[in-house]
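Student: Have a look at this one.
Each value in this text was obtained by applying a stated rule to the coordinates, not by laboratory testing. This one's a predicted model, so the numbers in the text were calculated from it and none came from an experiment. With ideal geometry, Cβ positions are generated from the backbone for all residues, glycine too; neighbour counts draw on all protein chains shown.
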Amino acid sequence: MKVAIITGSSGLIGSESVEFFSGKFDKIIGIDNNMRAYFFGSDGSTEWNKNRLIEKYSNFKHEDVDIRNFDDLGKIFKEYCEDIKLIIHAAAQPSHDWAAKEPLTDFGVNATGTLNLLELTRIYCPEAAFIYTSTNKVYGDTPNVLPLVELEKRWEIDKSHTYFKEGIDEKMSIDQSKHSVFGASKLAADVMVQEYGKYFGLKTGVFRGGCLTGPNHSGAQLHGFLSYLMKCVVTGNHYTVFGYKGKQVRDNIHSLDLVNMFWHFFQNPRQGEVYNAGGGRYANCSMLEAIEYCEKICEKKLSYSYLETNRIGDHIWYISDLSKFKSHYPDWHQKYDLQTTLIDMHNSMIKRF
Ligand SMILES: NC(=O)c1ccc[n+]([C@@H]2O[C@H](COP(=O)([O-])OP(=O)(O)OC[C@H]3O[C@@H](n4cnc5c(N)ncnc54)[C@H](O)[C@@H]3O)[C@@H](O)[C@H]2O)c1
């Protein structure tokens with residue numbers, strides 16, 4: 001039997017992974033305790049997505065387990081042992097701002113939870129591929145010292161800079177910058193995933209996400225900006241833009257494009273490899289541009305206000321360079337540009353709200 005374990009299975013990336021891999025594996029075990037509702041309130045609850053997956057996929061089994069609990073996780077790994085061929089670890093506390101409220105909880109979920117999963121993989125299924133969804137926040141606020149130019153609707157990197165063509169690559173320093181408590185707990189996990197590859201020889205891959213997005217995000221004010229923005233335009237809720245004149249630039253990768261990266265990695269995994277994984281030059285926007293696009297698709301104006309103070313450690317301009325992944329996996333192709341992603345999100349939201 002071929003089994004995949006997917007943590008955070010009711011969330012954006014976890015649920016996309018369940019859908020993608022359910023046709024490729026005999027059994028998918030999803031681990032999710034809906035802690036997103038604890039982090040972000042009812043806007044963040046992923047219960048609806050869990051129920052959708054249970055109804056739709058007969059080979060999907062949901063486990064309401066907390067990844068901080070080594071013994072509960074251990075029972076699952078012990079049951080399937082070497083049948084486990086793939087672990088996609090996408091459960092997390094995902095917000096900078098929330099992390100500062102409860103650093104111990106944040107570190108427990110992001111760092112210790114990841115170590116629990118790595119150690120169980122080493123004990124029960126060392127041949128499995130282990131995929132970790134990291135974040136560009138591991139670079140801290142170092143991207144903010146790049147030479148940026150202010151344009152009418154966005155910040156952009158100076159044309160003469162080496163990052164202009166493709167974006168920021170994996171060689172950027174992860175050291176001596178402000179990461180936020182969230183960025184630091186994710187970095188601890190990121191390095192540990194690399195170490196289980198380099199030191200123990202496990203097939204581990206780290207994917208440092210830019211903005212990950214798609215129709216199955218339970219967007220909340222503190223996390224999931226495109227999803228929450230689109231939701232506000234659709235429902236008429238108020239939106240707040242924080243700092244940088246609304247010109248901060250994010251690259252946005254559709255969850256399906258990211259999960260397709262996982263598929264390519266799984267088929268030919270490497271040990272302790274790190275990849276930047278965002279929309280890249282193909283799919284990125286500033287806050288102001290995103291508002292315009294959403295308004296156009298919804299044919300409605302957003303009610304929003306602007307606060308001068310930016311979020312602590314927030315990037316002003318971040319675009320991921322995907323060249324390293326593309327060179328290792330040349331058959332992977334990005335399908336969703338920003339418009340296609342936004343239309344996909346809009347079509348799903350008008351059914352949900
Ligand atoms: N969405 C983004 O923009 C983005 C950007 C960069 C990196 N990432 C990373 O990608 C991963 C997936 O992000 P997402 O957007 O799918 O997040 P998400 O919040 O939509 O999904 C995460 C899921 O994990 C679950 N979870 C949280 N704590 C748990 C625990 N202790 N035990 C079990 N389940 C728990 C939550 O209930 C939620 O359903 C995360 O590691 C996140 O840090 C996300």
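Student: Based on Cβ point charges of +1 for Lys and Arg and -1 for Asp and Glu, what charge dipole magnitude is obtained for the chain about its Cα centre, in debye rounded to the nearest 20?
Tutor: On the way: 40 positive and 44 negative charges, 80 e Å.
So the dipole magnitude of the chain works out to roughly 380 debye.
Student: Now, a different point. Just in region 136-217: which GluC sites (Glu not before Pro) are loop by DSSP and have at most 10 other Cβ atoms within 10 Å?
Tutor: On the way: sites: GLU150, GLU152, GLU156, GLU166, GLU170, GLU195; in loops: GLU152, GLU166, GLU170.
Passing sites in region 136-217 are GLU152.
Student: On to the next question. Please work out the C-alpha center-to-center distance from region 46-101 to region 168-247 and express it in whole Å.
Tutor: Comparing the Cα centres of region 46-101 and region 168-247, I get a distance of 19 Å.
Student: By average Cβ neighbour count within 10 Å, what is the ranking of 224-230, 64-70 from highest down?
Tutor: Values: 224-230: 23.7, 64-70: 16.7.
Ranking, from highest mean packing down: 224-230, 64-70.
Student: Search the structure for amide H atoms under 5 Å from the amide H of GLY209, placed 1.01 Å from N in the peptide plane, and list their residues when 5 or more places away or on another chain.
Tutor: SER134, THR135, ASN136, ALA277
Student: Quick one, can you get me the convex hull of the C-alpha atoms of region 194-239 expressed as volume per residue in Å³?
Tutor: Working: hull volume 4.1 nm³, N = 46.
Taking only Cα atoms, region 194-239 has a hull volume of 90 Å³ per residue.
Student: Another question, if that's okay. So how long is each side of the chain along the principal axes, counting just the alpha-carbon atoms, biggest first, in Å?
Tutor: Largest first, the chain extends 56, 43, 41 Å along its Cα principal axes.
Student: Restricting things to alpha carbons, tell me how big region 132-204 is in terms of Rg and Dmax, in Å.
Tutor: Answer for region 132-204, Rg first and Dmax second: 15.1, 50 Å.
Student: How many nm is it between the label spots at SER160 and LYS101, if each spot is 7 Å from the Cα in line with the beta carbon?
Tutor: Once both label points are built, they end up 4.6 nm from each other.
Student: Compare the Cα positions of LEU342, LEU12, GLY219 along the charge dipole of the chain (+1 at Cβ of Lys, Arg; -1 at Cβ of Asp, Glu; about the Cα centre) and return the one farthest towards the positive end.
Tutor: After comparing all options, I get LEU342.
Student: Taking every DSSP beta bridge with both residues inside the chain, roughly what % is antiparallel (nearest 5)? Write out the running numbers ahead of the final one.
Tutor: Values: 7 of 46 bridges.
Percent antiparallel among DSSP bridges in the chain is about 15.
Student: Which residue fluctuates the most in the chain, going by a Gaussian network model with Cα springs under 10 Å, if the choices are GLN248, GLN267, GLN194?
Tutor: GLN267
Student: So what is the relative contact order for region 63-208, in percent, with contacts set as C-alpha pairs under 8 Å and at least six apart? Each step should come with its number before you reach the end.
Tutor: On the way: 204 pairs, mean separation 46.8, N = 146.
Relative contact order here is 32 percent.
Student: Once the principal axes of the Cα atoms of region 200-353 are found, what is the range along each, listed largest first in whole angstroms?
Tutor: 51, 34, 25
Student: Report the residue, chosen from ASN51, ASN34, ASN260, that carries the largest GNM mean-square fluctuation when the chain is represented by alpha-carbon nodes joined by springs under 10 Å.
Tutor: Among ASN51, ASN34, ASN260, the largest mean-square fluctuation in the Gaussian network model of the chain belongs to ASN51.
Student: Based on the alpha carbons, how large is the Rg to Rh ratio for region 205-271 when Rh follows Kirkwood? Write down the numbers at each step before the final one.
Tutor: Details: Rg = 15.1 Å, Rh = 13.9 Å.
Looking at region 205-271, the ratio lands at 1.09.
Student: Which order do the peptides 113-122, 212-221 come out in when sorted by mean C-beta neighbours inside 10 angstrom, highest first? It would help to have the intermediate numbers written out before the result.
Tutor: Numbers: 113-122: 21.7, 212-221: 24.9.
Result, highest mean first: 212-221, 113-122.
Student: Still on this structure, I have one more. Can you list the residues, at least 5 places off or on another chain, whose amide H is less than 5 Å from the amide H of LEU202, using H built in the peptide plane?
Tutor: The list, which skips near neighbours in sequence, is GLY197.
Student: With label points built 7 Å along Cα→Cβ from the Cα atoms of SER173 and ASN347, find their separation and express it in nm.
Tutor: 4.6 nm
Student: Something else about it: Where in the chain are the DSSP H helices whose C-alpha atoms run 30 Å or more along the long axis and whose mean Kyte hydropathy is at least 0.0?
Tutor: Numbers: long enough: none.
Correct list, ordered by number: empty.
Student: Quick one: Debye curve from the alpha-carbon atoms of region 70-152 only, equal weights, vacuum; give me log10 I(q)/I(0) at q = 0.27 Å⁻¹ to two decimals.
Tutor: -1.28
Student: Take peptides 140-147, 331-338 and line them up by average Cβ neighbours within 10 Å, highest first, as a rough protection proxy.
Tutor: Numbers: 140-147: 17.0, 331-338: 14.8.
Going from most to least packed, we get 140-147, 331-338.
Student: Rg and Dmax of region 141-259, using alpha carbons, in Å: what are they?
Tutor: Gyration radius and largest Cα-Cα distance of region 141-259: 17.0, 51 Å.
Student: Evaluate E = 1/(1 + (r/R0)^6) for ASP331 and ILE54, where r is the Cβ-Cβ distance and R0 equals 30 Å; express this FRET efficiency to the nearest 0.05.
Tutor: Values: r = 32 Å, r/R0 = 1.08.
For ASP331 and ILE54, the calculated efficiency is 0.40.
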